[in-house]
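Have a look at the structure below, then the notes.
Read-outs: derived from the displayed coordinates by stated rules, not from any lab. Predicted model, so just to flag it, every value in this text is computed and none were measured. Methodologically, a virtual Cβ is constructed for each residue, glycine included, from the backbone with ideal geometry; neighbour enumeration extends over all protein chains shown.
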Amino acid sequence: MGTRIPSHQLSSGLYVSGRPEQLKERPPTMTSRSVPYTGGDPKKSGELGKMLEIPSVDQKPSRPSSGSVRSGPNSGPAVGRLSGSGPMSRKSSGSGPIALQPTGLITSGPVGSGPVGSRRSGQLEQPSAVVSAGKTVYGSAVTSLNEEVKVGFKVSRALVWVFMVVVAMSLLVGVFLMVAVKKAVILVALGAVIMPVVVLIAWNCVWGRRGLLGFVKRYPDAELRGAIDGQYVKVTGVVTCGSIPLESSYQRVPRCVYVSTELYEYKGLGGKSANPKHSCFTWGSRYSEKYVADFYVSDFQSGLRALVKAGYGAKVAPFVEPNTVVDVTKDNKELSPNFLGWLADRKLSSDDRIMRLKEGYIKEGSTVSVMGIVQRHDNVLMIVPSAEPVSTGCQWIRCLLPTYAEGLIMTCEDNQNADVIPV
């Protein structure tokens, strides 16, 4: 009796010998595909754009169905439907609206809330600089210095009033005695007492600014590593630009932390005045633009870098000597095309005038000295303007009264035509 060979029938109806093959379950395979870089744009990001109901570049907007949703060829069915919406609700219970930030980040608040839209970032709300009709217009992050640096005398008002009363009484008594005694010796003696005081005041008016600069130069440099919060320090080091670099308006010097351009005019007898306070036979300021922004300074003493808060309307007292870049005299009245364009952009006339254009700046890589208050916040070392004016004290050797300047004192002695340290 022979052995019977088993056979089975295929799906096509054909009988073949042998046992049917047992199909084994194959493990699921996962495939991957390359995803193009989207740069944070949700319209190009596929699944993210579909979840936020934002149409893609090559797809028209469509409402997802209420059933299962497949967001791509490799995705499975949706687990379930969220209450109140399709695949992803723009509003969920207990949380605010979902907002897509310009960086592509999803947050739980509207655009502008939190640190992204706060003053610390600043650049998302408005551009840092806009060129309008050939003139650069900066935003609120850049401080515009409209007035000259005020250097005043730190003298008590009571002392000033006492001195004025004594002088007035001395004059009255001197005139009365001179009329009664009829001798001019008393008036001469009185003048000998008053004249030194007048000379002292005139001396301080002429040399007060230079005395303040000498005080700043002699002030010892502090080491930022050991500086405490709230300490008044002077830091000398190399400058680097912050988030908003500046550019000078006439010479177009890039990457500056401070720029100034001033137009002066000379007024002769019967000439035109540059401003309401312009007197004859003097130079008067006709136009001025000065800007300063936040910047960094690397301390020479410790090597640490500090953020100098000079922007956002801070009080700053810059002592930077400008250079004359255009000089229009009686003998040389031919104006260059660049200067004519600069005047036209600011709607200034170029008629028969004696003019002088001065420009100053602190370029990245220059060496500066900054005097202000140390402030530490979130491991960030900052130098901020002082709330109180800083006095130099009496300088008896130089016959100078106490002078002061308000805000953040900033000096730069580098020659603007010389090379600076590359950073």
For segment 326-382, fraction of C-alpha pairs farther apart than 12 Å, in %: 77
In whole Hz and in residue order, list the ³J(HN,Hα) couplings for segment 261-278 that follow from phi through the Karplus curve 6.51 cos²θ - 1.76 cosθ + 1.60, θ = phi - 60°; x for Gly and Pro. 9, 10, 10, 10, 10, 9, 10, x, 6, x, x, 7, 8, 7, 8, x, 9, 7
Taking R0 as 41 Å, what's the FRET efficiency between Cys280 and Asn379 from their Cβ-Cβ distance, rounded to 0.05? 0.10
Amide H partners (placed H, <5 Å) of Lys234, local residues excluded: Ala222
Quote the charge dipole size of segment 215-261 about the Cα centre in Debye, to the nearest 20; the model charges only the Cβ of Lys and Arg (+1) and of Asp and Glu (-1). 180
Label 7 Å along Cα→Cβ of Val253; segment 338-371 residues with amide nitrogen under 14 Å? 358-368
Rounded to the nearest Å, what's the spacing between the alpha carbon centres of segment 133-179 and segment 282-349? Just the number, please. 26
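Over the Cα atoms of segment 164-281, Rg to Rh with Kirkwood Rh, two decimal places?
1.22
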Tell me, what is the FRET efficiency for Lys135 and Ser302 to the nearest 0.05, using R0 = 25 angstrom and their Cβ-Cβ distance as r? 0.05
Principal semi-axes in Å for segment 241-280 [√(5λ), Cα gyration tensor, largest first]: 34, 10, 5
Between the modelled labels at Ser17 and Glu223 (7 Å from Cα along Cα→Cβ) the distance in nm is 9.9
The answer for Val308, listing residues at least 5 apart or on another chain whose modeled amide H is closer than 5 Å to its amide H, is Phe295, Tyr296, Val297, Ile383
Multiply the residue separation of Ala387 and Lys347 by 0.36 nm, subtract the distance between their alpha-carbon atoms, and state the gained length in nm to one decimal. 10.7 nm
Computed label-point distance, nm, for sites Ser288 and Ser243 using a 7 Å Cα→Cβ extension: 3.0
Amide hydrogen neighbours beyond the local backbone of Val320, cut-off 5 Å, H modeled: none
Place a +1 charge on the Cβ of each Lys and Arg in segment 127-235 and a -1 charge on the Cβ of each Asp and Glu, then give the dipole magnitude about the Cα centre in debye, rounded to the nearest 20. 340
State the extension gain, in nm to one decimal, for the chain segment bounded by Met164 and Arg210, taking 0.36 nm per residue of separation less the distance between their alpha-carbons. 13.9 nm
Paired Rg and Dmax values of segment 152-230, which use every Cα atom, in angstrom: 21.1, 72
So for the pair Lys333, Arg157, with labels modelled 7 Å out along Cα→Cβ, what separation do we get in nm? 5.1
Could you give the dipole magnitude of segment 276-423 about its Cα centre, charging the beta-carbon of Lys and Arg +1 and that of Asp and Glu -1, in debye to the nearest 20? 420
